[in-house]
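Novice: Here it is, the structure, as structure tokens.
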Amino acid sequence: MPTSPTLGLVASNPCTAALDDFVSRAQPAVDADSGFGVALSGGADSTALLLAAHARWPGRIHALHVHHGLQAAADTFVTHCRQLCARLGVPLHVSHVDARHQPGQSPEDAARTARYATLAQQASAMAPAPVLLAQHADDQVETLLLALSRGAGLPGLAAMPAQFERHGATFWRPLLQVPGPAIRAWLAQEGIAWVEDPTNSDTRYTRNRIRSQLLPALEACFPQFRDTFARSARHAAQAQTLLDGLAVQDLAAVGVPPRLQHLQALPSARLGNVLRHWLKATHRVSPSAAQLAELQRQVLACTTRGHTIAIKVGQGQVRREGAVLGWYN
């Protein structure tokens with residue numbers, strides 16, 4: 001890893017063109033006076049993104065760092081970010097969080113949940129401002145492969161969206177078409193320092209095994225895999241958008257709470273689609289594939305007054321109440 005303090009803000013930064021392209025397509029249009037937050041871990045990707053954003057919007061960038069407190073190296077990350085931002089003249093906001101996972105929750109999910117909530121809080125303190133995230137094309141491929149390994153549906157196969165809302169904040173991922181190696185090669189060429197998370201080499205984590213073992217094999221067999229995988233993810237996202245629109249129409253027809261008689265009149269695929277949408281949109285819970293299949297089966301079998309339905313979904317139950325379904329926590 002290079003250690004030179006030189007900050008070569010040159011147009012050859014692969015993040016620069018990606019950022020320009022993203023902003024040209026972003027909706028809504030970028031306010032000429034708005035500020036931007038950049039989620040800065042101190043790693044290679046967020047360092048390059050910060051440099052590109054600072055060069056494009058000088059004086060309008062704030063760096064946002066989340067100290068998870070999960071490893072001894074976390075203080076080193078903060079020190080590096082402070083030094084980098086001081087040389088650039090970029091304000092740095094550091095928040096400490098308790099990202100320890102709860103029973104039944106993966107460490108990665110716990111850290112991700114804490115990180116997004118904290119970044120949203122930091123952004124709100126700056127007034128409404130988009131937060132730029134540094135996930136790139138390799139991260140997108142890893143996300144898609146993880147979804148495939150779990151038998152995910154369209155939402156999982158759509159991988160990471162380029163723009164989304166969470167906790168009242170807007171997040172942008174402008175680098176999803178930039179290969180990770182290109183970012184590191186540019187930083188090394190310019191002699192720009194970054195910090196390496198020691199957990200990145202820990203192959204106990206599935207993402208790290210994909211990165212170190214599977215991506216090189218894909219590169220050898222399918223040199224354009226980043227572009228083609230990203231195209232498949234976009235197709236999945238478009239298909240899911242159509243299904244979401246259909247679910248909104250069907251839910252309006254069956255009612256809230258859903259009426260059993262109207263649910264039973266739907267084709268099987270639309271029945272599953274509207275039940276999933278009802279639970280997610282109305283009660284913020286997502287059934288597993290097995291739970292959804294069993295719920296569909298019982299809805300269709302519910303032809304007598306005495307037929308009960310009681311299926312666990314999330315922290316509650318879907319139950320029949322007379323002629324309708326309800327979810328009860």
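Novice: With within 23 Å of A48 (Cα to Cα) and either in a loop (DSSP other than H, G, I, E, B) or not assigned by TED's automatic domain parsing to the domain that holds H136 (or both) as the only criterion, which of V274, V256, V178 stands out?
Specialist: V178
Novice: Name the residue, out of L246, L251, L215, L242, that is exposed (fewer than 13 other Cβ atoms within 10 Å of the Cβ) and hydrophobic (A, V, I, L, M, F, W, C).
Specialist: That would be L242, the only listed residue that is exposed (fewer than 13 other Cβ atoms within 10 Å of the Cβ) and hydrophobic (A, V, I, L, M, F, W, C).
Novice: Specify which of the listed residues (S268, S286) is of a type in the set (S, T, Y) and within 22 Å of A323 (Cα to Cα).
Specialist: Testing whether each residue is of a type in the set (S, T, Y) and within 22 Å of A323 (Cα to Cα) leaves just S268.
Novice: Could you say which residue among A110, A86 is surrounded by fewer than 19 Cβ atoms within 10 Å (Cβ to Cβ), assigned to a helix (DSSP H, G or I) and at pLDDT 85 or above?
Specialist: Details: A110 fails: at pLDDT 85 or above.
Every option except A86 fails the conditions.
Novice: Can you say whether T143 is part of a helix (DSSP H, G or I) and not aromatic (F, W, Y), as far as the supplied structure shows?
Specialist: Details: part of a helix (DSSP H, G or I): yes; not aromatic (F, W, Y): yes.
Yes, satisfied.
Novice: Quick one: is P128 surrounded by fewer than 13 Cβ atoms within 10 Å (Cβ to Cβ), out of contact with any Phe, Trp or Tyr (no Cβ under 8 Å at 6 or more places or on another chain) and either modelled with pLDDT under 80 or not assigned by TED's automatic domain parsing to the domain that holds R173 (or both)?
Specialist: Yes.
Novice: Which condition breaks for A63 when tested against (1) in contact with a His (Cβ under 8 Å, 6 or more places away or on another chain); (2) at pLDDT below 90?
Specialist: (2)
Novice: Answer with yes or no whether E321 is surrounded by 14 or more Cβ atoms within 10 Å (Cβ to Cβ) and either acidic (D, E) or in the same structural domain as A162 (by TED's automatic domain parsing) (or both).
Specialist: On the way: surrounded by 14 or more Cβ atoms within 10 Å (Cβ to Cβ): no; either acidic (D, E) or in the same structural domain as A162 (by TED's automatic domain parsing) (or both): yes.
Considered against the rule, which asks whether it is surrounded by 14 or more Cβ atoms within 10 Å (Cβ to Cβ) and either acidic (D, E) or in the same structural domain as A162 (by TED's automatic domain parsing) (or both), E321 comes out as no.
Novice: Related question: Need the failing condition index for T203 against (1) in contact (Cβ under 8 Å) with a residue 24 or more places away in the chain; (2) farther than 20 Å from A237 by Cα, just the number.
Specialist: For T203, the exception is condition (1).
Novice: In region 277-293, which residues are in a helix (DSSP H, G or I), in contact (Cβ under 8 Å) with a residue 24 or more places away in the chain and among the polar types (S, T, N, Q)?
Specialist: T282
Novice: Being outside any strand (DSSP E or B) and under 10 Å from the mean Cα position of the chain (by Cα) is the filter; apply it to region 159-174 and report the residue that is surrounded by the most Cβ atoms within 10 Å (Cβ to Cβ). Give the derivation first.
Specialist: Step one: filter region 159-174 for residues outside any strand (DSSP E or B), giving 159-162, 167-168, 173-174.
Filter once more, so that each one left must be under 10 Å from the mean Cα position of the chain (by Cα): 159-162, 173.
Numbers: A159: 25, M160: 17, P161: 14, A162: 19, R173: 22.
Of everything passing the filter in region 159-174, A159 is surrounded by the most Cβ atoms within 10 Å (Cβ to Cβ).
Novice: Also, quick follow-up: Looking only at residues that are over 22 Å from the mean Cα position of the chain (by Cα) and among the β-branched types (V, I, T) in region 283-318, which one is surrounded by the fewest Cβ atoms within 10 Å (Cβ to Cβ)?
Specialist: Only one residue tops the list, namely T304.
Novice: Let me confirm something: among Q296, Q261, which residue is of a type in the set (S, T, N, Q), part of a helix (DSSP H, G or I) and under 22 Å from Q240 (Cα atoms)?
Specialist: From the options Q296, Q261, the qualifying one is Q296.
Novice: Where the second residue is basic (K, R) and not in a strand (DSSP E or B) and the first is farther than 12 Å from A26 by Cα and lies in region 161-174, which pairs have Cβ atoms under 8 Å and are six or more apart or on separate chains?
Specialist: Filtered contacts from region 161-174: P161/R173.
Novice: Using the structure shown, decide if P91 is under 21 Å from W172 (Cβ atoms) and either at pLDDT below 85 or assigned by TED's automatic domain parsing to the domain that holds G35 (or both).
Specialist: Working: under 21 Å from W172 (Cβ atoms): yes; either at pLDDT below 85 or assigned by TED's automatic domain parsing to the domain that holds G35 (or both): yes.
Criteria met by P91.
The values are calculated or read from the model by the stated rules, or taken from the named source; none is laboratory data. On a predicted model such as this, the values are computed, not experimentally measured, just so you know. Heads up, the Cβs are rebuilt from the backbone with ideal geometry, glycines too, and the neighbour counts pull from every protein chain shown.
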